[in-house]
Amino acid sequence: MKTFNPPDEVLKTEETETIEAAKNDPARFRTLYEKYFKRIFLFVYHRVEDRDLASDLTSQIFLKAMQRIHQFNFRGLPFSSWLYRIAINECTDYFRRSKRSKVVYVEDIPFHHLFEEMFPEDPQSQLENKLHLVLQQLQPDELQIIELRFFEDMPFKMVAEILNISEIYAKVRTYRIIDKMKKIFLKLL
């Protein structure tokens with residue numbers, strides 16, 4: 001696989017310098033930890049709805065990231081996309097091991113982007129009341145794409161990087177899932 005090597009001036013960001021420093025000195029990883037801990041913790045917490053468990057999983061995520069930071073390669077996306085990929089894998093492993101169901105936390109999340117995609121003519125309809133029922137009928141991989149794109153408000157490029165798929169495929173999958181959600185929603189009316 002051919003890797004993209006951006007120009008040196010692109011790589012000279014504060015974050016990439018911090019990452020390179022952390023590769024040589026694990027103590028320098030603290031800056032990355034402090035920058036992203038809250039976002040990753042909330043991402044995990046919204047899936048497990050248990051503060052202690054989310055804290056444990058988040059600790060594991062950052063431990064793995066620190067241990068594997070030498071594997072990180074800059075691809076034009078923030079370091080957080082790599083952390084989200086580790087977080088998704090860690091949560092998936094947890095749910096597989098524990099045989100618990102994944103939780104989708106939908107309170108306090110602005111759904112207007114998702115609603116506008118599903119029903120551009122009526123984004124303020126009764127969708128909010130039915131959304132949890134629609135989400136329950138999605139496959140785990142479908143739900144993951146919707147969560148990243150709309151609940152975490154990530155651009156397609158970042159979704160693609162986290163899920164290790166192409167950006168075009170991320171877009172195609174997203175719109176197919178939205179079509180599926182529309183059909184499910186219409187059945188619920």
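Read the figures in this text as sums done on the coordinates, not as results from a lab. Just so it is clear, the structure is predicted and the values come from calculations on it, not from any experiment.
Per residue, the convex hull around the alpha carbon atoms of the range 8-98 comes to 91 Å³.
Extension gain T16-D52, at 0.36 nm per residue separation less the Cα-Cα distance, in nm? Present the calculation step by step, with values, prior to reporting the outcome.
On the way: separation 36, 0.36 × 36 = 12.96 nm, distance 3.13 nm.
Gain on stretching T16 to D52: 9.8 nm.
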